[in-house]
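Student: Got a structure for you, written out below as structure tokens; questions coming shortly.
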Amino acid sequence: MFWFRESLNGRMLQKNSFVLQHINGHPIGLTSNIHPLNESHETKNHMKPKIPQWQQLQHCNIHSSRSWQNICNSVFGTLTQIFGKLDHVFDNQVPATIWRFWKRKTLPGDTPFHPTGCGLSFTTNTTSAGMFAGVSSPSLGKVILVPSFQPFFTSTVEILDAKTKDKLCFLDKVEPNATIGEIKSMFHKSHPQWYPARQSIRLDPKGKSLKDEDVLQHLPVGTTATFYFRDLGAQISWVTVFLTEYAGPLLIYLMFYFRVPFIYAPKYDFTTSKHWVVHLACMCHSFHYVKRLLETLFVHRFSHGTMPLRNIFKNCTYYWGFAAWMAYYINHPLYTPPIYGEQQIRLALIVFLFCQIGNFSIHIALRNLRPPGSKTRKIPYPTKNPFTWIFLLVSCPNYTYELGSWLGFTLMTQCLPVAAFTLVGFIQMTVWAKGKHRSYLKEFRDYPTLRSPILPFIL
């Protein structure tokens, strides 16, 4: 942090994280008649008793041409006069909202002045605040920098309720490089019932939620930032949700397959079907959900750690309900095999296994795009694995393979509930695929335009 001195007997005061110069109790702005710091014995002796709190300052010469000095001193001299007057009008707050200076402990004598530093150009009666993009300072005088220099300002954050507009929290002295995730943690300290995963922080009451990695100083807010809070409700981890969703259909289907009591007529309790396609369908269905459980535990990397607790009831109703409906008819004692017999079943099995392998390959490729613990997004491209070459035509091939798997299972069982489950799943996956496709196009300007969301050249 640098210091302004109007006269040799001036004193320094701290206000709002910015040092202001006072002379006999009267504040001054950036524009002032700053005396050159002479190296004379009289000046040194006069400064030490008057300002004992000064730290040892680093003096450094910065060389430049005389033309640069004349031009830049004139420009910055005018600017400092303007800011000096504004500073006096707005009660010395202009420097804290206009100038941004960064930490710089030393500056060697012949080192060019970079934008990460700040300096005062001392001429006869002129002050220049130098911030140059890769050029040297225009001053031939002394630049004074305090060895220990922290960011000069902090922000205040005001959090309002998105519905009632009531003030919920006021955070003072928030660093400009603080993230939304850190602000959520601060808010959680004052309101323990709203843990960070439960919070939705946004710039507008009806706007989109800000990401946890968004930085305060990169958002369109001033020194007093106003955010709106919305309660997302009780949260549950995605891993827990997926394990619950997928374990249910696996167990429910097996209950119907083994024909436990109270499902069919008592004479069919714990009997088995005479059709081999029923046993094959049970193996395929179990394989699918065991694969999903293992992928949840060892493959998937989630960008969001939690989801609302209420969603688990909706999702479980969907998966568990359809699993029971399908299993009831496929394992029913009166079930009849497909019309075209073994040829139809074998073709369906090939389609099912092919798409299951393709779906797993896509999940592995997507996993490799995101390092552990990060939320970075990259454009997925085909790899050496031939099952990933569909990335050339589709943005979400994992949904494409998932659809193919259930089409194969529908063909294998020739069962109406399975066809209904496939249709509903296709509609939902299409919505997800379109959303991800739009997100890719918006985030990446060089995203391949040939790709479709879920079906090549169609949808």
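Every number in this text was worked out from the coordinates using simple rules, so none of it is lab data. Keep in mind it's a predicted model, so treat the numbers as computed, not measured. Every residue, glycine as well, gets a Cβ built from its backbone with ideal geometry; the counts of neighbours run over all protein chains shown.
Student: Checking the table 163/375; 165/211; 375/442; 189/314; 206/375 against a 23 Å threshold on Cα-Cα, which pairs fail?
Tutor: Values: 163/375 30 Å; 165/211 21 Å; 375/442 17 Å; 189/314 32 Å; 206/375 25 Å.
Going by Cα-Cα distance, 163/375; 189/314; 206/375 fall outside the 23 Å limit.
Student: Let me ask something else about it. Would you work out if segment 206-271 is rounded, prolate or oblate? Take a ≥ b ≥ c from the square roots of the eigenvalues of the alpha-carbon gyration tensor; rounded if a/c is under 1.5, else prolate when a/b is larger than b/c, oblate otherwise.
Tutor: Prolate.
Student: Rounded, prolate or oblate: which one fits segment 167-246, using the alpha carbon gyration tensor with axes a ≥ b ≥ c (rounded when a/c is under 1.5, else prolate when a/b beats b/c, else oblate)?
Tutor: Prolate, since a/c reaches 1.5 and a/b exceeds b/c.
Student: Something else: State whether segment 274-342 is rounded, prolate or oblate according to the following rule on the C-alpha gyration tensor (a ≥ b ≥ c being the square roots of its eigenvalues): a/c under 1.5 gives rounded; otherwise a/b larger than b/c gives prolate, and the remaining case gives oblate.
Tutor: It comes out oblate by the Cα gyration axes.
Student: Just order 197-203, 298-304, 255-261 by mean Cβ neighbour count inside 10 Å, highest at the front, would you? Provide the component values of the computation, followed by the final result.
Tutor: Details: 197-203: 18.7, 298-304: 12.7, 255-261: 15.4.
Descending mean neighbour count gives 197-203, 255-261, 298-304.
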